[in-house]
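What follows is calculated from the coordinates using simple rules that are stated; it is not laboratory data. In this text the structure is predicted, and so the values were computed from the model without any measurement. Counting neighbours? That spans all protein chains shown, and the Cβs are built from the backbone with ideal geometry, glycine included.
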Amino acid sequence: MSELVLRPAVAPADLQAAYDIRRTVFVDEQGVPLELERDERDAEADHVLAVLDAVPVGAVRLVIEPAGFQGLDLAYGPIAHLGRLAVLASARGLGIGAELVRAVEELARQQHRRAVYLGGQTQALGFYERLGYRPYGVEFDDAGLPHRHLARVL
């Protein structure tokens, strides 16, 4: 039986593993320019690393946005922004992406956030909707890929 561990990526080796996973998924597989994949928000983000049988296979980050971000209700206060969710192809279909989303939601709750926002690729809308996220607004381009705004109230 496989063992999945989710842990904060704070050690330099864990942060590098998270960045390497993101580069593989977004840059190598999806063609996102590296300069768009990494940004200044990485320094302030909470990063979570998924490790399957001692091998890093997934990553996600959480940053905090101001109240009203992307048209969300001001009453929610500052918004938890889930981003850069990536799972290596070899580990897809095992529920790791869903576990990473739940980990970000738990971090958001611990930080007393009332809602989680994400800009999700349109090809992944069903995945996010199954986890309770609702799309809103119109489709938009992010790094050359079609996206939709999604949010979930905690």
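Most simply put, the chain has about 95% antiparallel DSSP beta bridges, counting only bridges with both residues inside it.
Of the residues Val51, Val138, Val116, the one that moves most in a GNM of the chain with alpha-carbon contacts below 10 Å is Val138. For the pair Leu4 and Asp53, label points projected 7 Å from Cα toward Cβ lie 1.5 nm apart. Between Phe127 and Ala11, the contour length at 0.36 nm per residue exceeds the Cα-Cα span by 38.8 nm. Subtracting the Cα-Cα distance of Leu94 and Phe140 from 0.36 nm times their residue separation leaves 13.7 nm of extension gain. Taking Ala18, Ala67, Ala108 in turn, the Gaussian network model of the chain (Cα-Cα springs below 10 Å) assigns the largest fluctuation to Ala67. Taking 0.36 nm per residue of sequence separation and removing the Cα-Cα distance, the Arg38/Leu154 pair yields an extension gain of 39.0 nm. Here r is the Cβ-Cβ distance between Arg23 and Ala75 and R0 is 30 Å; the resulting FRET efficiency, rounded to 0.05, is 0.20. Here the Gaussian network model covers the chain, with springs between Cα atoms less than 10 Å apart; of Pro56, Pro12, Pro66, Pro12 fluctuates the most.
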